[in-house]
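Please read the structure below before turning to the comments.
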Amino acid sequence: MKIDKKLTAVILIGGRGSRFSKINESPKQLMILNKRSLLENQMRYFISYNIKNYIFPLGYKSSYFYNFFKKKKTIKNYKTIIHYNKFGKIDENKINILLFNGGKNTSKLKRIKHSLKYIKSNNFIATYGDGIANINFKNYLNLFNKYKKAIVACKNIKSQYGHLKISGKKILSFDEKPILKDPINIGYYFFSKEIFNKFYKNNYELEDKFVKSLIKNNKLVAYNHKGFFFNIDRKIDLDNIKKTYKKLILTL
């Protein structure tokens, strides 16, 4: 199915990121992977699906992002247009980027809610700015059109620990870094405005009561992602990604 030219991605980048850097240091989304920031690598993948509209509800470290986008004249051979506080005219042949103050102590769910008034499409993507997955967004659209429900991407991953099966004090077996039985939420959401607004509440958080409410009301379906996914939480994650995904990052 063809992707709507007005389809917008809300990328959440307003947190402290305290596990990665100090409050007066550059945010993790701007750390370099293959001569480009993590954020630009993420956007380049979105652009490969002709997704050209982006909203960034800023919070902490906003000056770093303002300076980054002010200097970013092109992304993946497309010229960028930076909008501040509201979208001006959307140019379908350029990358349209909206920056606005989402508040430093605002929940992720409220940041998305504040972004809705700027979104010109009926449906939108919401994700975090500290990870990349090669999601097939055409399959996302097909899934949405089939079920008319919100979508969340999940993936089966290996545990980072060795697992023991025990009975009392006796060790029955040991499995080094097994594939976890239940998939994890990798933070790529697809919503319609109608579903989002219907279940939104001011005291909800995205990954907790909001998602649980969608599940309870049978309004959320899972997209089982088989491709790559990585995210950066700490500096050691950045080092591991540079080693593990070196060839992959070169292709983004």
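Only the coordinates and a few stated rules stand behind these numbers; no lab work does. Because the structure is a prediction, the values reported are computed rather than measured. Don't worry about glycine lacking a Cβ; one is built from the backbone with ideal geometry, like all the others, and counts go over all protein chains shown.
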Self-check item: Simple label model, 7 Å out from Cα along Cβ direction - Lys70 to Glu205, nm
Solution: 3.4
Self-check item: Pairwise Cα inverse-distance average, inverted: Kirkwood Rh of segment 160-205 (Å)
Solution: 14.9
Quiz prompt | Integer Hz, Karplus 6.51/-1.76/1.60 couplings in order for segment 58-67, x for Gly and Pro | solution = 7, x, 5, 6, 4, 4, 5, 6, 4, 5
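Only Cα pairs under 8 Å and at least 6 apart count here; give the relative contact order of the chain as a rounded whole percent.
Once divided by the residue count of the chain, the mean separation gives 23 percent.
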Quiz item: In nanometres, what is the gap between the two model label sites at Glu194 and Asn142, each 7 Å from Cα along Cα-to-Cβ?
Solution: 2.3
Quiz item: In vacuo Debye scattering of segment 33-164, one point per C-alpha: log10 I(q)/I(0) at q = 0.12, 0.13, 0.14 Å⁻¹?
Solution: -0.54, -0.64, -0.73
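Quick one: Kirkwood hydrodynamic radius for segment 98-152, alpha-carbon pairs, angstrom, one decimal? Display every interim value, and only then the final one.
Working: mean 1/r = 0.0753 Å⁻¹.
One decimal place: 13.3 Å for the Kirkwood radius.
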Exercise. Would you mind computing Rg(Cα) / (2.2 N^0.38 Å) for segment 87-225, counting N as its residues?
Key: 1.32
Quiz item: Could you give the distance between the Cα centres of segment 38-55 and segment 98-122, to the whole Å?
Solution: 18
Quiz prompt | For segment 32-82, projected area of the alpha-carbon convex hull averaged over all directions, nm² | solution = 3.8
Self-check item: Cα-based radius of gyration of the chain once divided by 2.2 N^0.38 Å, which approximates compact folds
Solution: 1.05
Practice problem: Name the residues whose placed amide hydrogens come within less than 5 Å of the amide hydrogen of Tyr223, ignoring near sequence neighbours (fewer than 5 apart) on the same chain. | Solution: Val152, Ala153, Cys154
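Once every DSSP H run of n ≥ 4 in the chain is given -39500 (n - 2.57) and the sum is divided by its residues, what mean residue ellipticity at 222 nm do you get, rounded to the nearest 500 deg cm²/dmol?
-7500 deg cm²/dmol
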Quiz item: Taking all pairs of different Cα atoms in segment 1-90, averaging 1/r and flipping that mean, what Kirkwood radius in angstroms comes out?
Solution: 14.2
Practice problem: Estimate the FRET efficiency between Tyr78 and Glu176 by the formula 1/(1 + (r/R0)^6), using the beta-carbon distance for r and 45 Å for R0, to the nearest 0.05. | Solution: 0.50
Self-check item: Per-pair calculated FRET efficiency, R0 = 51 Å: Ile166 and Arg36 via Cβ, rounded to 0.05
Solution: 0.65
Quiz item: Fully extended, how many nm does the chain gain between Lys216 and Ser48 (0.36 nm per residue separation, minus their Cα-Cα distance)?
Solution: 57.0 nm
Exercise. Please list, or write none, the lysines whose alpha carbon is within less than 20 Å of the alpha carbon of Lys70, excluding same-chain residues fewer than 8 places away.
Key: Lys28, Lys35, Lys52, Lys61, Lys79, Lys86, Lys89, Lys94
Practice problem: Tabulate in residue order the Karplus-calculated ³J(HN,Hα) for segment 145-151, using 6.51 cos²θ - 1.76 cosθ + 1.60 with θ = phi - 60°, rounded to whole Hz; enter x for Gly and Pro. | Solution: 5, 6, 9, 6, 10, 5, 10
